[in-house]
Amino acid sequence: MLNSQQLLRAGILLGFALLIGRLHWTGELAKYINIKYSAMSLIACVLLFLLFFAQLGRIRPVDQTQHDHSCSSGCQHHHHLRWSLKGGLAYVILSIPLVTGFVLPAKTLDAAMASKKGVMIQSPSPKVSAAPMEEEHPLPESREHNFVYLDDLYENSLNELIQQPEIIFNDFDFVEYADTISFYPREFIGKKVELSGFVYKEEGMDPSQLVVARFIITHCLADAGVIGFLAEWEDAEKLEEDTWIRVKGTLDITQYGEFELPKLHVEEWEKISMPADPYVYPKLN
Amino acid sequence: MLKWIRSFSLELSGAVVLAAVLLFLLSPNPTEEQGLPFEVPSSILSLNTIFLSILIEAIPFVLIGVLIAGMIQIFVTEDHIRRWMPTNKYLAVLMSCVLGALFPACECGIVPIVRRLIAKGVPLYAGIGFLLTGPIINPIVILSTYMAFGNDAQMAGWRMFLGFGVALVIAAIIALVYKGNQMKHGQVLPIVSNSSQKLPLGQRFIQMLHHSIDEFFDMGKYLIMGAFLAAFVQTYVSSAAILQLGSSVVTSTLVMMGLAFLLSLCSEADAFIAASFRNMFAPTALLGFLVYGPMLDLKNTFMLLGVFRARFVIVLVSLITVTVFSAVLATQFWL
């Protein structure tokens, strides 16, 4: 007779290999992780297949007499797996991601998730300006007028962006552009920009305001964060959350709580469909 | 007939499996737009997507972890360990922390490795030292921290320094307090007898894979439970609300450490999240997030519960929490 538990294990290993393999094959993987790490999951897929084939050899019961096995007596339990409630539960748990992975569709992160994540309307900025920790951690005073303390990364990007007559965001540069502008919002006052994202609204926002937001994925969806620009115009009120829009406008700054943020005065806008890849990714050198 | 089925059962099951493979590969993907034949609330779909995302991210590292564990099981003997381990407890602690620092791993991949090492006779304190420095001090983590903080080496430097110091202290305390390996019953797995040393390499390789599979099944269920809980927290608990709890340096450090635990981020990606809180919290709080997260989170706590006695895990969790918290607070005079 076959060893049913070993067979089940083989099935689960194959299931995981197929799940990951299929995500690769169909390109759905991008809905789960930053595709830059797809090589890692491809390795996982190969390793799972390897383990599956190794497991196949255990399905047929080994005759005790020709059990040329190297382990000492304690090893037996591997080969004579007995069914127990606890063991059965373990297989149920292991099957859950297989079932949900094959049956349920991947859901793109939406405004509801953004509100859980806590939106950083501006992205990482070293500017502590009016923040309470100012006194404990004074920053160089020269912050606004010269760039002594600014790192190369954003400085290069600043010099580059400031020369463009109009800044058009593409998905590839989105993070870099957004970071640079929120790093030095004052430098960009009056600049024309064009960008796309989904509509996100936070409680307490003016009806004429919304956030044109994107999710930024570093590695997997668990580390997703929201970046976006505060946008202001009359039609904003009519737009529902999660609508994808492309907006054109002029940059300004606004005070948001304790921070100075870039704000976009929208002049033109249109509804668009969700891009094939709705997420943006940090650029790593 | 029955006999025939029985003798060909392997082939039959092979055919069934093959058919299943083809079916899966050929079946169209369900998509968001198409919808499902049955109604699923959108938050459940989000929960499931994040859950799978965490798993897909973690599985490669866990597989590498179980393969290394399998290798240790087959190719490393107790004798080797006895020879390599310094007899002095504190020297062993230091050595394990240094080895962990040199060894690139992530917090879930390292658990099966440590389990196997301890089962092979590595003292508990050395295992813990290795467990704590492995995920936090490695080239990818350092590089990503450096870049996330705008190519600033200070945060990355503090992260390594504190991570190493905290690991040393914790492992030393464990060495003082605990005797025995604190593993759950039935965890002390078989030891390879000398006979296997003489087996041909190919056979030993197959054995290694078999041990890796057992390890994968032992650890997998805990990983899945941890990933599910982390995804649940991400979907239903507002981190914005948690963040509001932190105002002073002390509370904001606690809040960031709590967030690191709940979010269960991979140590290779967490620096970017920490950096996004830069204008909200003092560097001390961010450091709490960066040092605590790789040592403990929902995912790996579940895995630790699969390896060690629950009491020991509780003590270890409290010990790590208190040590990281005080070490991080002490840095505020320099940061």
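No lab work stands behind these numbers, since they all come straight from the coordinates. None of these values were measured; they are calculated from a predicted model. Quick reminder, even Gly has a Cβ in these numbers, built from the backbone with ideal geometry, and neighbours come from all protein chains shown.
Descriptive notes on the structure:
- Cross-link partners of residue A:116 among lysines, defined as those whose alpha carbon lies under 18 angstrom from its own and excluding same-chain residues fewer than eight positions apart: A:107, A:201.
- Whether the range A:187-227 is rounded, prolate or oblate, judged on the alpha carbon gyration tensor where a/c under 1.5 counts as rounded: oblate
- Cα gyration tensor, chain B - rounded (a/c under 1.5), prolate or oblate: oblate
- Pairs of lysines in chain B (C-alpha under 28 Å apart; 8 or more residues apart or interchain): 12
- Highest average packing first - B:237-247, B:124-134, A:42-52, B:267-277, Cβ atoms within 10 Å: B:124-134, B:267-277, A:42-52, B:237-247
- Inter-chain Cβ neighbour average for residues B:280-293, partner chain, 10 Å: 2
- Computed over chain B, relative contact order equals 21 percent, with contacts defined as Cα pairs under 8 Å that lie 6+ residues apart.
- Only helices reaching 15 angstrom along their own axis (Cα) with mean Kyte-Doolittle hydropathy no lower than -1.0 count here, and for the DSSP H runs of chain B these are B:9-26, B:42-75, B:89-102, B:124-136, B:153-177, B:201-236, B:249-263, B:283-295, B:310-330.
- Gyration tensor verdict on the range B:273-335 (Cα atoms; rounded if a/c is under 1.5, prolate if a/b is larger than b/c, oblate otherwise): oblate
- When the range A:174-227 is described by a simple charge dipole with +1 on each Lys and Arg Cβ and -1 on each Asp and Glu Cβ, the residue from A:218, A:205, A:189 located farthest towards its positive end is A:189.
- The amide H of residue A:167, built 1.01 Å from its N in the peptide plane, has A:192, A:193, A:194 as neighbours under 5 Å, considering only residues 5 or more places off or on other chains.
- Calculated on alpha-carbon atoms, Rg and Dmax of the range B:207-277 in Å: 16.4, 55
- Note on chain B: GNM, Cα springs under 10 Å; of B:312, B:289, B:261, the largest mean-square fluctuation is that of B:312.
- Other protein chain Cβ atoms within 10 Å, averaged over every residue that makes up A:10-20: 4
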